[in-house]
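All of the numbers you see were taken from the coordinates with simple rules; none came from a lab. No experiment lies behind these values; they were computed from the predicted model shown. Neighbour counts are summed over all protein chains in view; Cβ atoms, including those assigned to glycine, are modelled from backbone coordinates with ideal geometry.
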Amino acid sequence: MIQDTRLIEIKGVSKSFGDTQVLHEMNLYIRKREFVTLLGPSGCGKTTLLRILGGFEMPTTGEVLFKGKDMTGIPPYKRRINTVFQKYALFNHLNVYDNIAFGLNLKKPEQLGCGSRAEMKAEIARRVTRMLKLVKMEGYEKRSTNALSGGQQQRIAIARALVNEPEVLLLDEPLGALDLKLRKEMQLELKAMQQQLGITFIYVTHDQEEALTMSDTIVVMNGGRIQQIGDPKGIYDEPKNAFVADFIGESNIIDGVMLEDDLVKFSDTEFQCVDEGFATNEPVDVVIRPEDIMIVGEDVGMLTGVVESVIFKGVHYEMMIRSGDYRWKVQSTTMQPAGTRVGMTIVPYNIHIMHKLPKEA
Amino acid sequence: MSVKRGSRIFRAVWMALVLVFLYAPILVMIGLSFNASVSRSQWAGFTLRWYGELFRDPVILGALETTLEVAVIATIASTIIGTLGVIGMHAMKKGMADLLINVSYLPMTTPDIVTGVSLMLMFLFAKVPLGKWTMIMAHIAFDIPYVLFSVMPKLRQMNPNLYEAALDLGCHPMKALYKVIIPEITPGIFTGAMLAFTMSLDDFVISYFTSSDMYPNLSRIVYSSTKLGVKPTMYALSTLMFVSILLLLILINRRTKLEELS
């Protein structure tokens, strides 16, 4: 589905507001029909990058290419890009129909392939109806936007953007204000719409689960820098550094020392691993997912510890297990009561070794 | 128990005193406007005679026309200037915007006599003869802050993404202004216009200094007639002015309340 052509290229883009630099030398390309998610904690620069793509901010340095042409100075109303804003930004003085038709009404009849104003009016009506069907809001044409629920307003905001048939749709945390169940439904619907329409989606969120569910490509950002670019599975299974490991899914991150290739020492114990190319005795971050730690008998474990607390999480139990001076988060479908001494084992390929992040603000 | 009752009576009496103090003069004037006798000390029965005379007096009707004309022109002009101005201020950087807005509100707190005298001095300095148009300009000047004051909160409440959404969907900035921003703040503009109109109708001091006897408005007529002994028609005129301004203010108040609810 995704074509190999680079639709958008972001080259060396930096952005400062006054003395604060929010984006540092970003380099990134986005392919046609790709669903790209910019993922990171608040303040990581993801929304600023989206606003640069939409034309609402100018990069301080660097350029943004659209199909190979520089579009850095092009204003939003001349871009074939539309945006779904975080708080919907529907026009309250217009009803649902006029909100969706807003962009089309600004066009000339020729642009919609029509010979006359009357023809154009009919064409707009057709397109709006089609959009309302797509977002499952048929029959709401005459409603006031104030009378809609959050989820319904979001659907109208999406329809209002998509009806213009943009080449790229920008979405700024569009599901942030919805409740969990509705959010999950909308995630699937958005993904289905993207595939059906074949439009490139660039999606901003701080919700890692949302990113994993919907994206073809995830761009993990922190402190105005890209931390890792990859597909959801790659990012989850092979996080490039401790930040990514911690942000995507849950992780145990523990200080370790790389003794030699494929051998790491942490918690005063040596472990086989599958990582090579580190310096001898290099201090590293060791990352282990809570579901990758197996609880075994005390006498056969690689590590031993005491269960401090147990929480039932639905599918699994989450236990905090103290071993030495580290508290391990362990997820398992079987429960060990608090106070039990247990053993833990970890298989080599579930131990992820990462270079220490450079210390900086 | 008795202490409680005592304090309740005290509160009621106090409240009554405050209200009497505030409204007694106006109630006396309204009463006298229906008094059949010219005397202020004697009630000779109810009459609408003074109201009838009022509407047959060409001087008063002329002044009414001037008052309304000034109010309508000043309202339209100050609403346009004020609305566009406040949109501009809102778009500025925060520090600058706050400074400009506070400077623009200041004339509301300046004593009318200072505003009036300084405007008069400016017109004389610029050699503009005092008359209807100088009065209109003065009214525009003192109406503008009321428009700013009413529109600014609407802009602050507005979702900042609305303007960007309009651009995003293909509007040029000017088109976004009148297709999205203006409709969104219309309630505030309306309230501002009504306030400006009320202030214009209400004004005496500034009009007195910036116009001449050739173009009297109603308040000037009332003022000059007091020099020759007050006729009951003046009570009737003042009563009508009081009631119409009161009604306008109630209307504005209800609008603001309704907006707060929605």
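Label points 7 Å out from Cα along the Cβ direction at A:I2 and B:E53: separation in nm? If labels sit at A:I2 and B:E53, their model points lie 9.1 nm apart.
From the C-alpha coordinates alone, can you work out the Kirkwood hydrodynamic radius of the range A:6-242, in Å? So the Kirkwood estimate lands at 18.6 Å.
Checking every one of the trypsin sites (Lys or Arg not before Pro) in the range A:312-361 against DSSP loop status and a limit of 11 other Cβ atoms within 10 Å picks out A:K313, A:K359. Full extension of the chain between B:V205 and B:S41 gives 56.1 nm of extra length, using 0.36 nm per residue less the Cα-Cα distance. Between the residues B:S118, A:M302, B:Q157, the greatest Cα displacement towards the positive end of the dipole of the protein assembly as shown, with unit charges on the Cβ of Lys, Arg, Asp and Glu, is found for B:S118.
Computed extension gain for A:S42 through A:T340, at 0.36 nm per residue and net of the alpha carbon distance, reaches 103.4 nm. Take each residue in A:226-235, count the other chain C-beta atoms within 10 Å of its C-beta, and the mean is 0. For B:K93, the lysines whose Cα falls under 22 Å of its own Cα, not counting residues fewer than eight places away in the same chain, are A:K15, B:K154. Ranking of B:K179, A:K233 by neighbouring Cβ atoms within 10 Å, starting from the fewest: A:K233, B:K179. Counting Cβ atoms of other protein chains within 10 Å of each residue's Cβ and taking the mean over peptide B:155-168 gives 6.
Mean separation of Cα pairs under 8 Å and 6+ residues apart, divided by the residue count of chain A: what relative contact order is that in percent? This gives 15 percent for chain A. Summarising the strand pairing of the protein assembly as shown, around 75 percent of its internal DSSP beta bridges are antiparallel. Listed from fewest to most Cβ neighbours within 10 Å, the set B:D203, A:D216, A:D285, B:D112 follows the order B:D112, A:D216, A:D285, B:D203. Rounded to the nearest 0.05, what FRET efficiency is calculated for A:E165 and B:M29 with R0 set to 45 Å and r the Cβ-Cβ distance? The calculated FRET efficiency here is 0.05.
Computed extension gain for A:E138 through A:K69, at 0.36 nm per residue and net of the alpha carbon distance, reaches 21.0 nm. For chain A, give the share of DSSP beta bridges that are antiparallel, in percent and rounded to the nearest 5; count only bridges with both residues there. In chain A, DSSP labels about 75 percent of beta bridges as antiparallel. Distance distribution note for the protein assembly as shown: the fraction of Cα pairs above 49 angstrom is 41%. For chain B, what is the relative contact order in percent, using Cα pairs closer than 8 Å and at least 6 residues apart in sequence? This gives 28 percent for chain B. Ranking of B:I87, B:I206 by neighbouring Cβ atoms within 10 Å, starting from the fewest: B:I87, B:I206. Between B:M214 and B:L61, the distance separating the two model label sites (each 7 Å from Cα on the Cα→Cβ line) works out to 2.3 nm.
Dipole orientation for chain B: of the candidates B:F10, B:F34, B:S211, B:F10 has the Cα lying most toward the positive pole (charges on Cβ; Lys, Arg +1; Asp, Glu -1). Once the C-beta distance of A:T333 and A:A118 is scaled by a Förster radius of 56 Å, the resulting FRET efficiency is 0.30 to the nearest 0.05. Over the range A:250-355, the ratio between the Cα radius of gyration and 2.2 N^0.38 Å evaluates to 1.07. Checking every one of the trypsin sites (Lys or Arg not before Pro) in the range A:159-215 against DSSP loop status and a limit of 16 other Cβ atoms within 10 Å picks out no site at all. Projecting label points 7 angstrom from Cα along Cα→Cβ for B:L228 and B:A91 puts them 5.4 nm apart. Its Kirkwood hydrodynamic radius, worked out from the mean inverse distance over all distinct Cα pairs, puts chain B at 21.4 Å. Close amide H partners of A:Y203, meaning residues 5 or more places away or on another chain with modelled amide H under 5 Å apart, are A:V36, A:T37, A:L38, A:L171. Our note on the geometry: Cα centres of the range A:279-297 and the range A:99-115, 58 Å apart.
Across the range B:1-63, the mean sequence separation of Cα contacts (distance under 8 Å, 6 or more residues apart), normalised by length, yields a relative contact order of 17 percent. The distance linking the range B:224-262 with the range A:16-35 is 60 Å (Cα centroid to Cα centroid, whole angstrom). The spacing between the range B:71-146 and the range A:138-214, judged by their C-alpha centroids, is 46 Å.
If a helix is a whole DSSP H run, which ones in chain B reach 18 Å or further along their own axis (Cα) and hold a mean Kyte-Doolittle hydropathy of at least 0.5?
Qualifying helices: B:2-33, B:58-91, B:94-109, B:112-125, B:132-157, B:182-202, B:232-261.
Projecting the Cα atoms of B:F242, B:A63, B:I189 onto the dipole axis of the protein assembly as shown, where Lys and Arg carry +1 and Asp and Glu carry -1 at the beta carbon, places B:A63 farthest toward the positive end.
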